[in-house]
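Notes follow once the structure below has been shown.
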Ligand code: DC
């Protein structure tokens, strides 16, 4: 088994964990896995082929057979770039629904663990520290208030020239948080051994610095032990 270190960053939608995780990976020269993209690509492929989002066995089979490749920030499904298409609110909602299905989660497990390669992996999602990499060197629970997250998402959509309504976004985020936290398999929750990082009043730079400082302390702590 690979001994490459893992930094697991979990948290709710639009908390900024993806940006922070990617920047931490870049700073350390580690690989990066956006696990939410796997759920999003699966939801996108299911919608594309007209599969009902409740058909658990068919969705699990679909997830196992998908040819998904990451190249920097771009995601390819069967060789086609799907980066923008999987970021829509609609696909996010569908991803959150299928993510509640245990067999679908199991189908994506091995795929996620395969990203653990030297010199190390930084990954973000909902259950990276609890289920996928329970032995991670550092676990961070990165969050921000729902209002702050809705504002951030609103700004992102407006910058992309897409329509956005902050009240609807806030309601959507709350519903998705509730669904991600209430499901019985691998729910969104802070692990007892995860460090809490609330970014409501933090810049991305400060959040990245904090994660790097925790990681360096972990590495020097284990070297001294
Ligand atoms: O992080 P994100 O918003 O791109 O994730 C989309 C959905 O996928 C999210 O609502 C819940 C699900 N997800 C999950 O259940 N477990 C993960 N490790 C990552 C995402």
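Read-outs: derived from the displayed coordinates by stated rules, not from any lab. As the structure is a prediction and not an experimental result, all values here were calculated from the model. Every residue, glycine among them, receives a Cβ derived from its backbone with ideal geometry; neighbour counts consider all protein chains shown.
Work out, step by step, the length gained on full extension between residue 181 and residue 145: first 0.36 nm times the residue separation, then minus their alpha carbon distance; give nm to one decimal.
Numbers: separation 36, 0.36 × 36 = 12.96 nm, distance 1.53 nm.
Length gained between residue 181 and residue 145: 11.4 nm.
Which FRET efficiency value, to the nearest 0.05, do you get for residue 204 and residue 113 by plugging their Cβ-Cβ distance into 1/(1 + (r/R0)^6) with R0 = 22 Å?
0.20
What is the gain in length, in nm to one decimal, between residue 196 and residue 159 on full extension, counting 0.36 nm per residue of separation less the C-alpha to C-alpha distance?
10.4 nm
How large is the convex hull of the C-alpha atoms of the range 28-104 per residue, in Å³? Before the final figure, lay out each step's value.
On the way: hull volume 7.6 nm³, N = 77.
In the range 28-104, the Cα hull volume divided by residue count equals 99 Å³.
What Kirkwood hydrodynamic radius do you get for the chain when you take the inverse of the mean 1/r over all pairs of distinct Cα atoms, in Å?
Evaluated on the chain, it is 17.9 Å.
Sort 22-28, 83-89 for me by packing, meaning the mean count of neighbouring Cβ atoms within 10 Å per residue, highest on top. If you can, show how the numbers build up before the last one.
On the way: 22-28: 18.4, 83-89: 16.0.
Averaged packing, sorted descending, gives the order 22-28, 83-89.
Per-residue ellipticity at 222 nm for the chain, helices alone: DSSP H runs ≥ 4 residues times -39500 (n - 2.57), over residue total, nearest 500 deg cm²/dmol?
Details: 8 runs with 110 residues, N = 225.
Taken over the chain, the calculation gives -15500 deg cm²/dmol.
Report Rg(Cα)/(2.2 N^0.38 Å) for the range 169-222, keeping two decimals.
Relative to the rule-of-thumb radius for its length, the range 169-222 sits at 1.49.
For residue 223 and residue 58, FRET efficiency with R0 = 45 Å and r from the beta-carbon atoms, rounded to 0.05?
Given R0 = 45 Å and the Cβ-Cβ separation, E is 0.40.
Would you mind checking the radius of gyration and Dmax of the range 124-225 based on alpha-carbon positions, in Å?
16.2, 53
Rounded if a/c is under 1.5, else prolate if a/b beats b/c, else oblate: with a ≥ b ≥ c from the C-alpha gyration tensor eigenvalues square-rooted, which is the range 146-192?
In terms of gyration-tensor shape, prolate.
In whole angstrom, how long is each semi-axis of the equivalent ellipsoid of the range 56-146, when you take the square root of 5 times every eigenvalue of its Cα gyration tensor and sort them from largest down? Working shown, then result.
Values: eigenvalues 90, 59, 55 Å².
After scaling each eigenvalue by five and taking roots: 21, 17, 17 Å.
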